[in-house]
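Chemist: Below you'll find the structure I mean.
The values are calculated or read from the model by the stated rules, or taken from the named source; none is laboratory data. Only a predicted model underlies this, so the values are computations on that prediction, with no experimental measurement involved. We place every Cβ from the backbone using ideal geometry, glycine too, and count neighbours over all the protein chains shown. When the accessible area is computed, the model is the full protein with side chains, heavy atoms only, and any ligands, DNA or RNA have been set aside. Shrake-Rupley method; radii C 1.70, N 1.55, O 1.52, S 1.80 Å.
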Amino acid sequence: MRRPIIFSLLTFISILSANTVFTQQIDSMMGVYADRFAPEKIHVHFDKTVYNKGETVWYKIYILQGSDSAVASQNVYLDWYDAAGKLMKHTAAPVILSTSQGSFDIPLDYKGELLHIKAFTSWTMNDDPAFSYRRELVINDGTGKIVKPIPNKTTVETFPEGGFLIQGLPTRIAFKASNQYGTPVFIKGVLVDEKNNVIDSLHVKHDGMGSFFLIPVPGQAYQLNWIDESGVTGSTPIPVTKTEGANITITTSNRKAKCEVERTGRVTENFKNLTLVVHMNRVALYQVAFNIAEKTKLSAEVPIGELPTGLLQFTLFTSDWIPVAERVLFINNRAHEFKVELTTPLINVEKRGKNAIEINVPDTSFTNMSMSVTDADVSPPDQHSIFSDVLLSSEIRGRVYNPGYYFSAGGDSVEAHLDLVMLTHAWRRFDWDKIKANIPPKINYPVETTYMKMQGKVQGMKKNSAAAILNLILVTKDSSKQFLFVPVAQDGSFEHPMFFYDTAKVFYNFNNNPSLTENAQLIMNNGLLKVPFTNIQPDNTQVFLWNDSLAKQKLNTLLADQELLKKRMAETTLQEVTVYGKIKTKLQVLNEKYSSGFFSHNEAGIFDLTDNSKIIFARNVLEYLQSKVAGLDIVQNNVTWRGDVPEFFLNEMRVDQATATSLDMNNIAMIKVFRPPFMFATGGGRGGAIAIYTKKGDDTKNNPNIKGMENVQMEGYSKFKEFYSPTYEKADENVTTPDTRTTLYWNPYLITNKTLQHMRVEFYNNDFTKKFNVVLEGINSAGKLTRVVKTIDGATMVK
């Protein structure tokens with residue numbers, strides 16, 4: 001819901017009635033942008049920061065819209081490019097609880113030093129590419145050489161506050177010095193006029209950035225003369241772009257922003273009544289009118305203490321609503337965070353030692369988190385975080401160096417450094433001409449509000465022929481089968497929800513219409529986003545320069561061990577071994593075979609239907625469950641649980657009750673019944689959930705033969721690997737196989753709620769790590785974020 005407009009007016013400031021129409025028009029159109037076109041923001045949590053070739057990249061994707069944890073997009077896509085910008089792989093995954101997960105195998109013969117990743121949804125394709133999610137991962141090439149940095153090609157840029165440097169008006173000018181890789185460069189220098197008179201000296205405050213003040217004199221030219229850390233000298237001209245106009249200066253103190261507006265003595269009539277619009281997330285929060293017909297300088301204060309974390313923009317308009325100056329602040333009231341506590345009841349950095357970490361979330365809200373534990377000696381700190389991606393990088397243009405720093409700690413110095421970032425980077429701007437003209441954004445890619453589906457057309461049907469019924473048998477790679485009956489419209493089109501991974505064959509015929517089966521052709525697709533996949537121009541300015549020879553040497557040693565191990569495994573015939581373990585029940589085996597993710601870890605009633613004799617005379621799922629589940633009321637196909645209607649899932653895809661009850665009972669392998677509340681259903685799952693699984697593999701042996709039926713191949717969601725974490729219950733177990741993992745633990749889904757606020761995770765060390773790096777990130781149902789980074793060294797946890 002949009003935040004209502006608040007007017008902040010001082011006694012000497014009044015809004016002119018002549019502006020009322022424009023004010024309402026601007027506010028109304030900004031409301032349309034905020035309500036209907038809010039951008040989706042993406043963050044990807046990778047398990048570590050540096051990889052050897054041949055390793056697997058594990059990741060979790062978070063998607064937020066504004067400050068909301070509930071997004072409309074149901075599918076997310078990742079494109080993987082090599083160092084030359086050639087597309088290596090395109091992946092598609094379902095979005096569950098605003099998140100998704102996946103993996104990517106780096107080829108063993110990969111030659112590049114970087115992998116380029118693009119993450120997007122159909123909805124983000126409508127946004128300016130400058131705000132899209134891009135990331136580079138560092139890949140160790142296995143060589144022993146340390147690449148020496150190429151000499152800097154230093155560039156110094158200047159940025160007047162408000163956007164323009166105007167003759168006669170004092171203006172704060174920020175500067176930024178960086179090299180060809182976008183890395184900050186330390187410089188010294190002076191501000192001089194055209195006669196080389198020194199006006200001021202330059203002082204770098206943080207990461208090559210600083211600021212100074214200048215009052216441009218008519219007829220004068222200015223420049224910065226500087227020298228960088230390598231001894232290279234240069235000059236940067238400072239253009240004075242206007243002879244008359246108005247600017248703004250923003251300073252903050254005591255939970256308020258002081259806005260100072262000043263104009264030149266000579267201006268056109270429309271500059272004598274100015275309006276300052278203060279907005280955040282495309283929502284107008286304040287409008288302040290400045291009557292500066294008599295005075296040339298006025299100020300006002302805007303309260304910011306209660307605002308949410310994010311970019312607060314100030315846009316100054318003339319009386320005819322022409323934008324003349326803009327400024328942006330970053331508000332960090334830390335209201336965007338929720339707290340997570342990590343403790344270490346068991347730490348053992350010895351070879352294959354057992355470790356335990358306990359996670360406590362004091363907040364009772366539903367939380368969805370991911371956690372990695374890696375070797376701290378070979379995984380440098382990540383310069384990106386869920387905070388920096390969602391709150392900063394997705395809002396401004398241009399690369400921010402080490403954006404995670406600005407959220408790693410509080411304090412006045414970090415705030416001042418972040419304000420320099422605001423001054424030296426462009427931000428997410430409105431097209432004010434379109435706003436005034438009531439022109440909404442152009443939407444080329446509608447939001448995908450459903451998961452993948454089977455949709456297509458039957459070619460060969462006669463015009464105005466009677467509607468037909470498609471008999472479909474979907475056979476996936478694991479030999480599971482789904483039997484479907486799909487109506488075909490008179491124009492030959494059809495659509496049906498579908499959910500599977502990898503690829504599948506769809507066998508079909510037409511019910512009681514052999515002629516149509518013989519003569520018609522089926523054209524179908526999976527309903528997912530179709531865009532041309534092309535190569536990219538890679539951003540190789542972010543080449544990772546190795547400055548830690550010990551870390552690279554350790555990675556090279558591990559890479560050599562991994563390659564040797566793979567070679568030996570390929571050449572070795574396994575000898576007979578005896579494995580001891582606990583015997584699993586038949587229901588446990590069935591649950592592991594069919595359910596995954598959230599559906600596998602939650603307590604539920606499980607019903608085994610692989611033996612058709614258990615079905616007896618039940619015609620559908622509801623009849624079978626009748627009187628079998630306490631609290632589940634079923635009366636003539638009306639089903640409720642504790643007064644609310646449960647949600648239905650078919651092979652873990654949400655379906656309506658009609659679809660669930662139309663399934664042939666002979667094709668169902670298992671039913672899982674989740675008592676209320678089922679947190680993974682819409683609305684918090686107050687009515688619980690009923691998950692139905694169709695037979696696959698050997699369980700389908702009694703199903704009808706599909707030999708001779710026509711078939712087409714269909715792609716599903718991309719297939720990903722599950723992370724494997726070995727257990728060493730006995731000291732001498734598997735000692736002959738070296739353990740060279742540098743990611744010791746990865747869990748993309750750690751879930752807590754008001755009844756489960758505490759959990760314990762366990763993992764085993766490899767053969768060599770002596771220091772662990774723990775990174776936990778996540779979101780909660782209120783849209784708040786968390787990130788906890790800990791270094792564990794022996795029995796000591798260091799922040």
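Chemist: Name the long-range amide H neighbours of Lys719: under 5 Å, sequence gap of 5 or more, or other chain; modelled H, no Pro or chain starts.
Modeler: Long-range HN contacts for Lys719: Asp502.
Chemist: On C-alpha positions alone, give me the angle between the axis of helix 20-36 and the longest principal axis of the chain, in degrees, nearest 10.
Modeler: 30
Chemist: Ordering Ser319, Ser515, Ser122 by how much accessible area each has at a 1.4 Å probe, largest first, what is the list? Before the final figure, lay out the partial values.
Modeler: Working: Ser319 40, Ser515 65, Ser122 5 Å².
Sorted by accessible area, descending: Ser515, Ser319, Ser122.
Chemist: Take peptides 182-191, 307-316, 622-631 and line them up by average Cβ neighbours within 10 Å, highest first, as a rough protection proxy.
Modeler: 307-316, 182-191, 622-631
Chemist: Further question on the same structure: Note the per residue figure in Å³ for the convex hull of the C-alpha positions in the stretch 455-511.
Modeler: Measuring per residue, one finds 76 Å³ for the Cα hull of the stretch 455-511.
Chemist: Follow-up. Would you mind classifying the stretch 253-299 by shape? Square roots of the alpha carbon gyration tensor eigenvalues, ordered a ≥ b ≥ c; an a/c under 1.5 is rounded, otherwise it is prolate if a/b is larger than b/c and oblate if not.
Modeler: Oblate, since a/c reaches 1.5 and b/c is not below a/b.
Chemist: Ignoring everything but the protein chains, give the 1.4 Å probe accessible area of Asp377 in square angstrom, nearest 10.
Modeler: The value for Asp377 is about 70 Å².
Chemist: If packing is taken as the average number of other Cβ atoms within 10 Å across a peptide's residues, how do 775-786, 224-235 rank, most packed first?
Modeler: On the way: 775-786: 21.1, 224-235: 15.1.
Averaged packing, sorted descending, gives the order 775-786, 224-235.
Chemist: Let me ask something additional. Using a 1.4 angstrom probe on the protein heavy atoms only, could you order Glu113, Glu395 from most to least accessible area? Spell out each step's value before the answer.
Modeler: On the way: Glu113 75, Glu395 20 Å².
These residues rank, largest area first, as Glu113, Glu395.
Chemist: Follow-up. Under 1.5 on a/c is rounded, so check that first for the stretch 218-329, then, if it is not, pick prolate when a/b is larger than b/c and oblate when it is not; a ≥ b ≥ c are the square roots of the alpha carbon gyration tensor eigenvalues. List each step's numbers first, then the result.
Modeler: Working: a/c = 2.46, a/b = 1.30, b/c = 1.89.
Verdict is oblate for the stretch 218-329.
Chemist: Dipole of the chain, Cα-centred, from +1 at each Lys and Arg C-beta and -1 at each Asp and Glu C-beta, to the nearest 20 debye?
Modeler: It works out to roughly 580 debye.
Chemist: Relative to a virtual label point 7 Å from the Cα of Thr449 in the Cα→beta-carbon direction, which members of the stretch 96-115 show backbone nitrogen distances below 20 Å?
Modeler: 96-99
Chemist: I would also like to ask the following. Show me, for the stretch 373-381, the HN-Hα J-couplings you get by feeding each phi into the Karplus relation (A = 6.51, B = -1.76, C = 1.60, θ = phi - 60°), rounded to Hz, glycine and proline as x.
Modeler: Per-residue couplings from phi come out as 10, 10, 6, 5, 7, 10, 10, x, x Hz.
Chemist: While we're here: Beyond 28 Å between alpha-carbons counts as too far, so tell me which of Lys153/Lys770; Lys86/Lys530; Lys89/Lys453; Lys695/Lys721 fall in that bin.
Modeler: Correct reply: Lys153/Lys770.
Chemist: Over the chain, what is the relative contact order in whole percent, taking alpha-carbon pairs under 8 Å and six or more residues apart? Don't jump to the answer; show the numbers that get you there.
Modeler: Values: 1686 pairs, mean separation 134.5, N = 799.
That works out to 17 percent.
Chemist: Select one label from (i) 42.2; (ii) 35.6; (iii) 39.8: the one whose number is mean projected area of the Cα convex hull in nm² as derived from the coordinates shown.
Modeler: Structure-derived value, by its label: (i).
Chemist: A further question on this structure: Would you calculate, for the chain, the mean residue ellipticity at 222 nm contributed by helices, counting each DSSP H stretch of 4 or more residues as -39,500 (n - 2.57) and dividing by all residues, to the nearest 500?
Modeler: Helices in the chain give a 222 nm mean residue ellipticity of -3000 deg cm²/dmol.
Chemist: Would you please report the Å³ per residue occupied by the convex hull of the alpha carbon atoms in the stretch 171-213? List each step's numbers first, then the result.
Modeler: Values: hull volume 3.4 nm³, N = 43.
Once divided by residue count, the hull of the stretch 171-213 is 78 Å³.
Chemist: What is the gain in length, in nm to one decimal, between Thr296 and Val531 on full extension, counting 0.36 nm per residue of separation less the C-alpha to C-alpha distance?
Modeler: 79.3 nm
Chemist: While we're on this one: Picking from Asn402, Gly605, Thr727, whose Cα lies most toward the positive end of the charge dipole for the chain (charges on Cβ: Lys, Arg +1; Asp, Glu -1)?
Modeler: After comparing all options, I get Gly605.
Chemist: Pop out the ³J(HN,Hα) list for the stretch 182-189 in order, Karplus 6.51 cos²θ - 1.76 cosθ + 1.60 with θ = phi - 60°, rounded to Hz; leave Gly and Pro as x.
Modeler: x, 7, x, 10, 7, 10, 10, x
Chemist: If you don't mind, another one. Can you figure out the FRET efficiency of Val232 with Thr268, using R₀ = 51 Å and their beta-carbon distance, to the nearest 0.05? Show your work: numbers first, answer last.
Modeler: On the way: r = 44 Å, r/R0 = 0.87.
E between Val232 and Thr268, to the nearest 0.05, is 0.70.
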